[in-house]
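Presented below is the structure to which this report refers.
The values are calculated or read from the model by the stated rules, or taken from the named source; none is laboratory data. Remember, predicted model here, so these are calculated numbers, not experimental data. Cβ sites come from the backbone with ideal geometry, for glycine too, and all protein chains shown count toward neighbours.
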Amino acid sequence: MPASRPVGAYVRRLKLSPLLEYLQERQLRLPSPCQARWQGLKPADHIPLDHYLGFFEEAARALDDPLLGARIGLASRSPVLSPLRELFLNEATLHGALLELNLSTTALQGGTRTQLRIDGEQVRISYQLPAYPASACRQDVEFSLGMLIHVLQLRLGQDWRAQRIDLCHELTAKDREALAGLLDCPVRDAAPSNGIVFASHWLDHRCPGQGCDADVLLFFREHIQGLCAEQHSGSFHERVRRLLEQQLGEQPPSLERIARQLHLSPRSVQRKLALEQLVFSELLEQVRHSLALERMRHPGTRIDELADSLGYADSAAFSKAFKRWTGVPPLRYRRQFL
């Protein structure tokens with residue numbers, strides 16, 4: 001574990017529910033006092049991420065089950081993703097659902113990075129806990145990827161299969177073979193990052209929806225946005241984010257300008273962001289990405305005006321960035337996914 005806990009590194013009690021239920025069904029109580037304490041928490045309460053990771057690893061050892069995380073994730077009845085689950089299952093296309101999920105991850109868990117990348121005929125969804133060694137995260141990583149496989153099959157049908165699962169941690173040959181059998185796809189361990197790889201043609205898959213009322217979905221979306229805002233309200237990078245959002249559309253964003261507004265040196269801004277596992281250019285990219293997707297939902301938005309409002313030199317530069325985020329140019333994105 002890190003010597004000091006990273007800022008904003010937590011999970012909601014809701015994410016822990018499947019593991020606690022699994023232990024309770026088997027009448028297994030671990031030596032750690034956390035189990036009894038967490039049982040009484042409300043679903044939205046925070047649990048330090050390092051405590052959660054350690055508890056999951058302890059549970060796997062106590063049960064002598066190295067595949068515990070993947071097993072629980074695949075078998076999840078998915079309450080852990082509600083209301084994220086409802087938004088995911090009711091988005092018109094899988095592409096839109098994955099983008100929604102990617103932007104909402106911090107509602108459930110902080111200190112985590114997720115990314116959706118499209119490279120030709122393949123899609124990759126990555127899941128990283130950058131402040132923690134891979135060996136400390138095995139159960140959570142396999143649980144989280146297993147749960148994502150589960151909801152993808154709920155949406156796409158049991159015929160959907162991942163082409164490959166990548167894991168940063170190393171596995172024994174026996175565990176690698178067993179995990180590949182459980183997930184029904186090849187597994188590559190000691191990989192540069194954790195992720196699920198599958199065919200990009202699934203992105204166009206349209207879902208008839210699960211019958212959830214539009215007003216309920218709007219309520220869920222606003223609730224998740226509120227949880228995300230609550231998590232970031234006291235963080236330094238959220239202060240920088242708000243300033244970037246204010247600057248975009250008024251003047252070209254820059255580290256120097258942000259530093260002046262915060263009465264800090266540019267170096268101090270970079271150092272404070274580093275404490276929260278971020279760099280300025282990455283945060284600026286996140287803000288542009290989020291605002292671009294939000295504004296693309298409005299049919300009257302012009303691409304040249306959007307490019308200018310986000311601080312790009314021209315439409316070509318914006319289109320290049322948008323394709324890097326989503327895998328397709330903005331006009332094609334609007335035709336296909338909105």
Residue in the range 147-167 that is crowded, with 20+ Cβ neighbours inside 10 Å, within 27 Å of TYR52 (Cα to Cα), at pLDDT 90 or above and of a type in the set (D, E, K, R) present: yes
Failed condition for ASN102, given (1) of a type in the set (S, T, N, Q); (2) more than 13 Å from the chain's Cα centre (by Cα); (3) outside any loop (DSSP other than H, G, I, E, B): (2)
Residue within the range 87-110 that is touching a residue at least 24 places away in the same chain (Cβ under 8 Å), among the small types (Gly, Ala, Ser) and touching a Ser or Thr at 6+ places or on another chain (Cβ under 6 Å) present: no
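Starting from residues that are in contact (Cβ under 8 Å) with a residue 12 or more places away in the chain and in a helix (DSSP H, G or I), keep the ones in the range 321-330 and report whichever is nearest to LEU98 (Cα to Cα).
So in the range 321-330, the residues in contact (Cβ under 8 Å) with a residue 12 or more places away in the chain come out as 321-322, 325-328, 330.
Within this subset, residues satisfying the condition of being in a helix (DSSP H, G or I) are 321-322, 325-326, 330.
Details: ALA321: 18, PHE322: 16, TRP325: 12, THR326: 10, PRO330: 17 Å.
Step by step, filter the range 321-330, then rank; the result is THR326.
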Unmet criterion (only one of (1) at pLDDT below 90; (2) in contact with a Gly (Cβ under 8 Å, 6 or more places away or on another chain); (3) at negative phi; (4) not β-branched (Val, Ile, Thr)) for ARG71: (1)
The range 313-329 - residue that is touching a Lys or Arg at 6+ places or on another chain (Cβ under 8 Å) and of a type outside the set (A, V, I, L, M, F, W, C) and, of those, modelled with the lowest pLDDT: GLY327
Residue within the range 300-320 that is touching a Pro at 6+ places or on another chain (Cβ under 9 Å) and under 19 Å from ALA97 (Cα atoms) present: no
Verdict on ALA292 being over 16 Å from SER235 (Cα atoms), in contact with a Ser or Thr (Cβ under 7 Å, 6 or more places away or on another chain) and surrounded by 18 or more Cβ atoms within 10 Å (Cβ to Cβ): no
Residues (at pLDDT 80 or above, farther than 19 Å from SER193 by Cβ and crowded, with 20+ Cβ neighbours inside 10 Å) located in the range 97-124: ALA97
Qualifying residues in the range 1-52 (those that are at pLDDT 85 or above and among the β-branched types (Val, Ile, Thr)) - the one surrounded by the fewest Cβ atoms within 10 Å (Cβ to Cβ): ILE47
Members of the range 282-320 that are free of Cβ contacts under 8 Å to residues at least 60 places away in the same chain and of a type in the set (A, V, I, L, M): LEU283, LEU284, VAL287, LEU291, ALA292, MET296, ILE303, LEU306, ALA307, ALA313, ALA316, ALA317
Some residue of the range 177-187 being closer than 28 Å to ASN90 by Cβ, more than 21 Å from the chain's Cα centre (by Cα) and buried (at least 16 other Cβ atoms within 10 Å of the Cβ): yes
Among (1) touching a helix residue (DSSP H, G or I) at 6+ places or on another chain (Cβ under 7 Å); (2) modelled with pLDDT of 80 or more, the one test that LEU84 misses: (2)
Total residues in the range 118-151, condition assigned to a strand (DSSP E or B) and aromatic (Phe, Trp, Tyr): 1
Enumeration of residues in the range 292-302 that are at pLDDT below 85 and not β-branched (Val, Ile, Thr): LEU293, GLU294, ARG295, MET296, ARG297, HIS298, PRO299, GLY300
Filtered residue count, the range 12-38, keeping only those that are touching a Leu at 6+ places or on another chain (Cβ under 6 Å) and in contact (Cβ under 8 Å) with a residue 40 or more places away in the chain: 2
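Residue-by-condition table, conditions (1) farther than 27 Å from GLU222 by Cβ; (2) touching a Cys at 6+ places or on another chain (Cβ under 8 Å); (3) not hydrophobic (A, V, I, L, M, F, W, C):
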residue	(1), (2), (3)
PHE55	yes, yes, no
ALA60	yes, no, no
SER76	no, no, yes
ASN90	no, yes, yes
HIS95	no, no, yes
GLU100	no, no, yes
LEU108	no, no, no
ARG117	yes, no, yes
